[in-house]
Every structure is written in structure tokens, then in C-alpha cells.
Amino acid sequence: MRSQLFSRPAWAGILVIAVLAASLPLLNLAFPAGHTLHVSSYAIAIIAKFMCYALAAMALDLVWGYTGILSLGHGVFFALGAYAHGMYLMRAIGREGVYQSDLPDFMVFLDWKTYPWYWSLTEHFWYCMLLVVMVPGILAFVFGYFAFRSRIKGVYFSIITQAMTFAFMLLFFRNNTGFGGNNGFTDFKRILGFSLTEPLTKAVLYLVTLSVLLASLMLCRWIVSSKLGRVLQAVRDSESRLMFIGYDPLWFKLFVWTLSAVLCGIAGALYVPQVGMINPSEMSPANSIEMVIWAAVGGRGTLLGPVIGAFTVNGLKSWFTAAFPDLWLYALGLLFILVTLFMQQGILGLISQLKKSKEIV
């Protein structure tokens, strides 16, 4: 008999948190600034950004926590999804740029006369949403097929994923690639005809992000609790034994790797209109390593843990970079060391241990 997705307490917790999270933009719209119940626009923006990070961390956990594939290059999938959506947002600016041209300002500055061929149809929202899914998905499929077929695994796989994201970062830094070079895309005006500066638009983007995060959580949980999920965990625990009993791990690994990349791309697409910019620094290997830290801090192999980890680490980052801007990287490294040494199961694992200790007492 198939197990339920979550326990009753977990369902109750998810429901309560989802309702509270969904109420925040409503409180922002319903009450004026200065009112006790008013939630600031800054809080809405930063929570929405954290939810995008949480979706990326959960996507990483699907391949690392459940399949044993440690990726140090998921930042490239996140950024490619953001760039794909950013192409539409740049086209939506129209003639409201600095140079009042049909071309984006960076193309005018570089003396481009027309859009390159790969910008075709990007004025259509539906097409760019298709790119958000297909570009990270195709890259992951091709990269994963050759890597997994060659039986590259462990630290060697992690290194080549890091090399991949670094190579893409260097490529996108070039001005002649047609993606804004060092500055990337910025100064977005509207989405689907609605101004991105309007509080209502921000509230809708926030609620869409929350809905996608919850739907992705249900999808990932359904996968890992199914027979497919048990095969994925067998890949993690003993791939050679799985091959011995007649399974080919290649296609299972390729499926979960591609799905994880697509989810990461969707996270990037949700991120870019709410933050207002995307540039090649999002492909930095350091960003991919941070995703690993989010999953480790929250508790890998749990799905909910990486969500908690993303909020926890980025909350600390927001506070640290304001209070002690020069010390954040040291604090992040110390946090990862402490988790590795004393909390190998992360925050969720610590909570579980505390519950067991209370039951024994």
C-alpha cells in the first residue's frame, strides 16, 4: 500500500504556513503604511525572493538528497530560466528605454541594428515560458546523458558541473552574446501589460511564486514516495546492486536530473521580475555552492528541509550583510562546518532528535 505524502502534523503545518504566507500580500494591500497589520512592500519582496531560492534548493535536494548526485552547477539552470523570462521582460519595455529604441538599451549602446535570431518570438510571453522549461531541461538532458552514460559520479561529477556553470558565466559576461554582458538585463517595466511597480502586480507575483513552490513540493514528494522514488534512493544507496538486479540507472538519473533543472529554471523565471534584474553573476559557482548549503542546513533528503534552509540561511545573510558586510562569507563557511560536524541531518534532523529524546524521557 502506498504511503501518504505527509503525516497529519506535517500537512497541518504546511497548511498553516501556506495560509499565513498567502495573507501577507493581502495585508500589504489592505492596510496603509503605519497600520499595525500592514506588511511592508520590502518584506513582501524579500519573502518572494526567498521562496524562489527555496524552490531551487528543493530541486537540488531531489537529485542530491534522494539520488546521491551532488551538483555544484545548479546556478546555471536558475540563471538560464531567469534569462529566458528576462528576454520577454526586455521586449516588454518597448520604446521606454533610455535610447527610445525598439532594441534594448544595451544593444543600442553596442551598435546592434537588429535582434539576433535567438531573440525571435521573445515578445510573446508563452514562448518565453516555453524557453524557461526547455532551455534548462535540454541542457540538463544533454549534459546528463553523456555524463551518466560515461558513469561519471561522485566528486568528479560535482567538479564538471561546477566547470559547466563557470563556463556559462564567462560566456554570458561577453557583450557579443546578446544578453547584456556584465550588466545583464535590468530596468523592467511591465509583465503582460501590468506595471511591475504596482503593489497589486507584486502581490500576484508573490502568490504565483507561493503556489508554484507548494505545487512543486507536492510533485517532488509524490515522486520520492512512489516506486520511482524508491529506485532513485536505490541509486543513491547502491547503484551497482541496482544494476545487478536488472535496472539501468541511466534513465532514472537522467529523469530526475532534468526535472531538477527544469524546477530550478522555473525558480529563476519567478525570481527575475520580482528582483528586477538578472546578470551573469547568478551563474557564479559560489551561488551553486550556496544552494548546497541551503539543503544541508535544512536537512537534505527531506524536501521540506531545503525550504527551511533557504529561508534560514538567506535570512541570516540579509541580517549579516547589513550589520557585518565583510563577515558574511566567513559566517557562511562556519555555518557549513558546524552543520557538517554536529548537524549532519540539518535542522529537521535536529528537531526529530529532540522529539525522540522527549519521548524517551
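The values are calculated or read from the model by the stated rules, or taken from the named source; none is laboratory data. Please read all numbers here as calculations on a predicted model, not as lab measurements. Cβ placement follows ideal geometry from the backbone for every residue including glycine, while neighbour counts extend to all protein chains displayed. Each accessible area value is taken on the protein alone, full model and side chains, heavy atoms only, with ligands, DNA and RNA left out. Shrake-Rupley method; radii C 1.70, N 1.55, O 1.52, S 1.80 Å.
Out of curiosity, is residue 272 touching a residue at least 12 places away in the same chain (Cβ under 8 Å), buried (at least 23 other Cβ atoms within 10 Å of the Cβ) and of a type in the set (Val, Ile, Thr)?
Working: touching a residue at least 12 places away in the same chain (Cβ under 8 Å): yes; buried (at least 23 other Cβ atoms within 10 Å of the Cβ): yes; of a type in the set (Val, Ile, Thr): yes.
The answer is yes for residue 272.
Scanning the stretch 97-133 for residues that are small (Gly, Ala, Ser) and free of Cβ contacts under 8 Å to residues at least 12 places away in the same chain, which turns out nearest to residue 168 (Cα to Cα)? Give the steps one after another, and end with the answer.
Of the stretch 97-133, the ones small (Gly, Ala, Ser) are 97, 101, 120.
Next, from what is left, pick out any that are free of Cβ contacts under 8 Å to residues at least 12 places away in the same chain: 101, 120.
Details: 101: 29, 120: 21 Å.
Per the criteria, the residue is 120.
Only one of these is open to solvent by less than 10 Å² (accessible area, probe 1.4 Å), in contact with a helix residue (DSSP H, G or I) (Cβ under 8 Å, 6 or more places away or on another chain), in a helix (DSSP H, G or I) and not hydrophobic (A, V, I, L, M, F, W, C): 83, 88. Name it.
Numbers: 88 fails: open to solvent by less than 10 Å² (accessible area, probe 1.4 Å).
Going through 83, 88 in turn, the sole match is 83.
Quick test of your reading of the structure: residue 108 fulfils all but one of (1) of a type in the set (Val, Ile, Thr); (2) surrounded by fewer than 24 Cβ atoms within 10 Å (Cβ to Cβ); (3) more than 23 Å from residue 177 (Cβ to Cβ). Name the failing condition by number.
(3)
Output the number of residues of the stretch 275-289 satisfying the condition of being in contact (Cβ under 8 Å) with a residue 40 or more places away in the chain, in a helix (DSSP H, G or I) and closer than 22 Å to residue 183 by Cβ.
Looking only at the stretch 275-289, we keep the residues that are in contact (Cβ under 8 Å) with a residue 40 or more places away in the chain, and these are 275-285, 287-289.
So of that shortlist, the ones also in a helix (DSSP H, G or I) come out as 275, 280-283, 285, 287-289.
After this cut, where a residue has to be closer than 22 Å to residue 183 by Cβ as well, the list is 275, 280-283, 285, 287-288.
Residues flagged as in contact (Cβ under 8 Å) with a residue 40 or more places away in the chain, in a helix (DSSP H, G or I) and closer than 22 Å to residue 183 by Cβ within the stretch 275-289 amount to 8.
Can we say residue 201 is in a helix (DSSP H, G or I), over 19 Å from the mean Cα position of the chain (by Cα) and under 22 Å from residue 93 (Cα atoms)? Steps first, answer last, please.
Numbers: in a helix (DSSP H, G or I): yes; over 19 Å from the mean Cα position of the chain (by Cα): yes; under 22 Å from residue 93 (Cα atoms): yes.
Yes.
Scan the stretch 259-271 and give yes if some residue there is more than 15 Å from residue 134 (Cα to Cα), hydroxyl-bearing (Ser, Thr, Tyr) and over 14 Å from the mean Cα position of the chain (by Cα), otherwise no.
Of the residues in the stretch 259-271, the ones more than 15 Å from residue 134 (Cα to Cα) are 270-271.
Applying the additional criterion that residues be hydroxyl-bearing (Ser, Thr, Tyr) yields 271.
Of the ones still in play, those that are also over 14 Å from the mean Cα position of the chain (by Cα) are none.
No, the stretch 259-271 contains no residue that is more than 15 Å from residue 134 (Cα to Cα), hydroxyl-bearing (Ser, Thr, Tyr) and over 14 Å from the mean Cα position of the chain (by Cα).
Scan the stretch 5-53 for residues that are in contact (Cβ under 8 Å) with a residue 40 or more places away in the chain, out of contact with any helix residue (DSSP H, G or I) (no Cβ under 6 Å at 6 or more places or on another chain), outside any helix (DSSP H, G or I) and open to solvent by 30 Å² or more (accessible area, probe 1.4 Å) and report the count.
0
Is it the case, given these coordinates, that residue 161 is within 30 Å of residue 109 (Cβ to Cβ), modelled with pLDDT of 95 or more, in a helix (DSSP H, G or I) and open to solvent by less than 20 Å² (accessible area, probe 1.4 Å)?
Details: within 30 Å of residue 109 (Cβ to Cβ): no; modelled with pLDDT of 95 or more: yes; in a helix (DSSP H, G or I): yes; open to solvent by less than 20 Å² (accessible area, probe 1.4 Å): yes.
Judged against the criteria, residue 161 is not a match.
Can you tell me which of 182, 176 is in a helix (DSSP H, G or I) and polar (S, T, N, Q)? Steps first, please.
Values: 182 fails: in a helix (DSSP H, G or I).
Sole residue among the options that is in a helix (DSSP H, G or I) and polar (S, T, N, Q): 176.
Name every residue in the stretch 299-322 that is touching a residue at least 40 places away in the same chain (Cβ under 8 Å) and either among the hydroxyl-bearing types (Ser, Thr, Tyr) or in a helix (DSSP H, G or I) (or both), in order of residue number. Even if it seems obvious, please write down each step before you answer.
Going through the stretch 299-322, the residues touching a residue at least 40 places away in the same chain (Cβ under 8 Å) turn out to be 299-311, 314-315, 318.
The answer is 302, 304, 305, 306, 307, 308, 309, 310, 311, 314, 315, 318.
From the set of residues in the stretch 235-258 that are assigned to a helix (DSSP H, G or I) and among the charged types (D, E, K, R), which is nearest to the chain's Cα centre (by Cα)?
Within the stretch 235-258, the match that is nearest to the chain's Cα centre (by Cα) is 253.
Looking at the stretch 324-335, can you tell me whether even one residue there is open to solvent by less than 10 Å² (accessible area, probe 1.4 Å), in a helix (DSSP H, G or I) and of a type outside the set (Gly, Ala, Ser)? Steps first, please.
Taking the stretch 324-335 and keeping what is open to solvent by less than 10 Å² (accessible area, probe 1.4 Å), we get none.
No: the stretch 324-335 contains no residue that is open to solvent by less than 10 Å² (accessible area, probe 1.4 Å), in a helix (DSSP H, G or I) and of a type outside the set (Gly, Ala, Ser).
Hey, can you tell me all the residues within the stretch 232-260 that are without any contact (Cβ under 8 Å) to a residue 60 or more places away in the chain, aliphatic (A, V, I, L, M) and buried (at least 16 other Cβ atoms within 10 Å of the Cβ)?
234, 242 - these are the residues of the stretch 232-260 that are without any contact (Cβ under 8 Å) to a residue 60 or more places away in the chain, aliphatic (A, V, I, L, M) and buried (at least 16 other Cβ atoms within 10 Å of the Cβ).
Please pick out the residue among 71, 101 that is in a loop (DSSP other than H, G, I, E, B), within 27 Å of residue 182 (Cα to Cα) and open to solvent by 20 Å² or more (accessible area, probe 1.4 Å).
On the way: 71 fails: open to solvent by 20 Å² or more (accessible area, probe 1.4 Å).
When all the criteria are applied, what remains is 101.
Just give me the residues in the stretch 134-153 being more than 20 Å from the chain's Cα centre (by Cα) and either in contact (Cβ under 8 Å) with a residue 40 or more places away in the chain or not in a helix (DSSP H, G or I) (or both), in sequence order.
Of everything in the stretch 134-153, those that are more than 20 Å from the chain's Cα centre (by Cα) and either in contact (Cβ under 8 Å) with a residue 40 or more places away in the chain or not in a helix (DSSP H, G or I) (or both) turn out to be 145, 148, 149, 150, 151, 152, 153.
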